[in-house]
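Right, one structure below, let's go through it.
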Amino acid sequence: MHNALYRGRRWMAVAAFGSILHAAALAGETHWKALNDQVVPHMTRGSLDKAEQYARQGLTEAEKSFGPEHRNTEISVSNLALVLRFQKRYEESEKHYRRALALREKALGDTHPSTALMMLNLADVLQAQKKYSEAERLQRLVLPIFEKAHGDDPKTATALNNLGANLQVQGRYKEAEPILRRALAMKEKVLGSASQSVAHTLNNLAEVCEALGRKEEAAKHRARALEIQKPASAKA
């Protein structure tokens with residue numbers, strides 16, 4: 001009788017402790033979500049200091065509530081990396097993108113489209129620091145993953161454009177040109193010929209054409225890019 005009573009009390013204690021842990025986890029998730037949901041709106045408004053504050057608080061809460069390798073922690077690491085990237089604090093951003101990429105590779109594998117997207121973000125930060133070779137290596141890993149997963153799509157077009165722009169700044173113009181032309185054709189197809197993203201690739205292609213001695217063609221690409229950008233400038 002005594003043993004049965006003891007077992008019953010022990011079960012109740014374990015159940016009560018489990019309920020406390022569950023309630024704490026729910027509270028932690030609610031708090032984390034509230035912090036996380038503030039990051040992008042503040043970035044959109046240009047309040048980057050506030051966005052960074054919420055991103056750092058969200059990361060602290062995620063690590064405390066979920067652990068260092070949880071999906072929510074990875075989201076917070078990635079958010080902080082993005083804010084730092086917008087602040088042009090590329091070295092710090094790189095550190096956090098590397099951590100987020102390692103977490104995503106562990107969770108999803110290194111050929112998953114979501115992993116490839118994180119690679120592309122890291123490559124952008126590396127390119128901003130003139131780490132062109134490592135950025136190119138990642139961009140070349142990303143491209144076939146996006147081609148297989150998305151086909152002709154804005155994400156694939158962006159990957160093409162970024163690789164072409166990287167080759168361009170390295171002075172590898174003949175390699176850059178066909179990649180940028182392909183990016184341009186894909187953007188026109190999936191985004192429309194008046195997209196600001198099309199103008200961006202036109203300007204990249206103009207730089208390449210000029211470097212290759214085709215100044216008249218370069219001028220045509222720049223003129224077309226300017227025509228696309230005019231409506232956006234008028235609205236600003």
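Checking the stated criteria, Arg140 turns out not to satisfy the condition of being crowded, with 21+ Cβ neighbours inside 10 Å, among the charged types (D, E, K, R) and part of a helix (DSSP H, G or I).
Against the test of being in a loop (DSSP other than H, G, I, E, B) and touching a residue at least 40 places away in the same chain (Cβ under 8 Å), the options Gly213, Gly164, Gly171 yield a single qualifying residue, Gly171.
From the residues in the range 52-85 that are among the small types (Gly, Ala, Ser) and more than 16 Å from the chain's Cα centre (by Cα), which one is farthest from His96 (Cα to Cα)?
Going through the range 52-85, the residues among the small types (Gly, Ala, Ser) turn out to be 55, 58, 62, 65, 67, 76, 78, 81.
Then keep just the ones that are more than 16 Å from the chain's Cα centre (by Cα); that gives 58, 62, 65, 67.
Numbers: Gly58: 14, Ala62: 15, Ser65: 19, Gly67: 16 Å.
Selected residue: Ser65.
Within the range 176-223, the set of residues being under 23 Å from Gly151 (Cβ atoms) and of a type in the set (Asp, Glu) comprises Glu177, Glu188. If you go through the range 36-60 and keep only what is closer than 12 Å to Ile75 by Cα, without any contact (Cβ under 8 Å) to a residue 40 or more places away in the chain and crowded, with 21+ Cβ neighbours inside 10 Å, you end up with Ala55, Gly58, Leu59. Residue pairs whose Cβ atoms lie under 6 Å apart, separated by 6 or more positions or on different chains, with the first residue in the range 119-147 and outside the structural domain of Arg85 (by TED's automatic domain parsing) and under 17 Å from Leu167 (Cβ atoms) and the second modelled with pLDDT of 95 or more and of a type in the set (Asp, Glu), are Leu126/Glu134.
Return a yes/no flag: does the range 21-43 have any residue that is modelled with pLDDT under 90 and of a type in the set (Val, Ile, Thr). The answer is yes, given that some residue of the range 21-43 is modelled with pLDDT under 90 and of a type in the set (Val, Ile, Thr).
Take the conditions on the phi > 0 side of the Ramachandran plot, in the same structural domain as Asp37 (by TED's automatic domain parsing) and assigned to a loop (DSSP other than H, G, I, E, B) and apply them to Lys88. Does it pass? Considered against the rule, which asks whether it is on the phi > 0 side of the Ramachandran plot, in the same structural domain as Asp37 (by TED's automatic domain parsing) and assigned to a loop (DSSP other than H, G, I, E, B), Lys88 comes out as yes. Within the range 78-89, residues that are more than 14 Å from Thr60 (Cα to Cα) have Cβ atoms under 7 Å from residues that are in a helix (DSSP H, G or I) and β-branched (Val, Ile, Thr) in these pairs: Val83/Val39; Arg85/Val125, counting only partners at least 6 apart in sequence or on another chain.
The values are calculated or read from the model by the stated rules, or taken from the named source; none is laboratory data. Because the structure is predicted, anything quoted here is derived from the model rather than measured. For neighbour counting, all protein chains shown are included, and Cβ atoms are generated from backbone atoms with ideal geometry for every residue, glycine included.
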